[in-house]
Structure formats: C-alpha cells, structure tokens
C-alpha cells in the first residue's frame with residue numbers, strides 16, 4: 001500500500017474518532033491549553049479559527065490576547081507557507097480559503113508559538129494534517145528563523161500509533177488535549 005493510501009486510511013479513521021469526541025465535548029477542552037499558554041504571556045502566538053469538528057482553541061486565544069499578540073493563519077495559495085494575521089476577540093472576520101475565517105484587515109505577525117490543528121497525532125510529536133502541507137512548510141520556515149514552539153491541539157481520541165509520516169512532516173513539541181499536556185518523546 002502506498003504512503004498516500006496509508007495516510008488516507010489513517011485520516012479516515014482519525015476523522016471518525018474526532019467527530020465522536022467533538023460530539024461529546026462539553027466545551028472545556030481549552031483549559032489545559034490556557035494553562036500552558038499562561039507560562040508564555042506576551043509571546044506572539046498563532047492559534048486557529050476552528051472548522052468542522054476541530055477542538056476549539058478560542059477561549060485560550062481570547063485569554064492570551066489580553067497579554068500579547070495573537071494571530072490566525074491565512075492561506076495565500078496552495079503550496080505556500082501560511083501567513084499569520086493579528087486577531088482580537090470580536091474583530092471583523094471574513095471567509096478565507098477553505099472556509100476558515102480570517103481578519104478583515106490583515107496585520108501580519110510572526111508567531112513564536114503556533115497552536116496547530118490536526119487530524120491525528122502520536123506521542124512522539126507526529127502529526128497527520130489535512131494533506132496540504134501548510135503547517136509543515138510554515139513550521140519549517142519559522143524554525144529556520146529561530147525557536148518556535150509547535151503545540152498540537154486535539155481531542156485525546158485523535159491519538160494514533162504508527163502514523164504514516166514523511167521526512168518533510170514537521171514534529172510537534174507538545175500535544176494538548178482535553179485530558180492534559182503531552183510532551184514529545
């Protein structure tokens with residue numbers, strides 16, 4: 001079976017687990033994320049606007065925005081790294097590529113912490129995304145500039161063993177779920 005087929009199978013299984021976890025989510029998943037970010041007050045942070053059944057980071061992002069710059073990803077084109085635009089609670093948002101909301105006015109930020117959405121993760125920092133490579137390209141570029149903390153944010157049910165990964169897949173430094181914080185290793 002090809003790597004692409006293995007990834008497709010892994011995504012299908014992980015989407016089903018994520019959907020079930022999302023349906024049972026009482027909305028408290030961001031608590032551990034907030035606690036982690038409290039130790040990094042004022043550091044430029046990139047979160048994301050949740051789509052479909054992604055776990056919601058907005059409560060943690062709102063709290064962080066009171067202490068420093070928070071941004072959300074902007075997809076400019078396929079095959080390119082993400083850019084990050086400053087986000088504030090209640091600001092005007094518009095629809096970006098792939099349906100994710102982006103700020104109506106783009107004020108660019110270079111984050112030092114990136115909260116990364118995902119489809120599946122493993123305890124070794126492996127991440128399976130949607131397949132576009134946006135976060136892999138972005139993290140590679142940011143890490144070439146300096147230290148960046150890549151924090152995967154997901155439901156615990158999205159954990160998997162033996163993810164089909166490639167050398168270009170950028171590892172996560174930490175994974176935060178509604179069950180706690182897991183360090184890479």
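The values are calculated or read from the model by the stated rules, or taken from the named source; none is laboratory data. Values in this document were obtained by computation on a predicted structure and should not be read as measured data. Here the Cβ positions follow ideal geometry from the backbone for every residue, glycine too, while neighbour counts run over all protein chains shown.
Conditions (1) part of a helix (DSSP H, G or I); (2) loosely packed, with under 14 Cβ neighbours inside 10 Å, marked per residue:
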| site | (1), (2) |
| --- | --- |
| 41 | no, yes |
| 59 | yes, no |
| 85 | no, no |
| 131 | no, yes |
| 151 | no, no |
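So in the range 167-185, with the set limited to residues that are part of a strand (DSSP E or B) and farther than 15 Å from residue 155 by Cβ, which one is modelled with the lowest pLDDT?
For the range 167-185, the residue satisfying everything is 183.
Given (1) surrounded by 14 or more Cβ atoms within 10 Å (Cβ to Cβ); (2) out of contact with any strand residue (DSSP E or B) (no Cβ under 8 Å at 6 or more places or on another chain); (3) not in a loop (DSSP other than H, G, I, E, B), where does residue 53 come up short, assuming only one miss?
(3)
Where residues in the range 89-118 are out of contact with any helix residue (DSSP H, G or I) (no Cβ under 9 Å at 6 or more places or on another chain), touching a residue at least 24 places away in the same chain (Cβ under 8 Å) and closer than 25 Å to residue 176 by Cβ, which of them is surrounded by the fewest Cβ atoms within 10 Å (Cβ to Cβ)?
99
Quick one: residue 141 ticks every box in (1) in contact (Cβ under 8 Å) with a residue 60 or more places away in the chain; (2) in a loop (DSSP other than H, G, I, E, B) except a single one, so which number is it?
(2)
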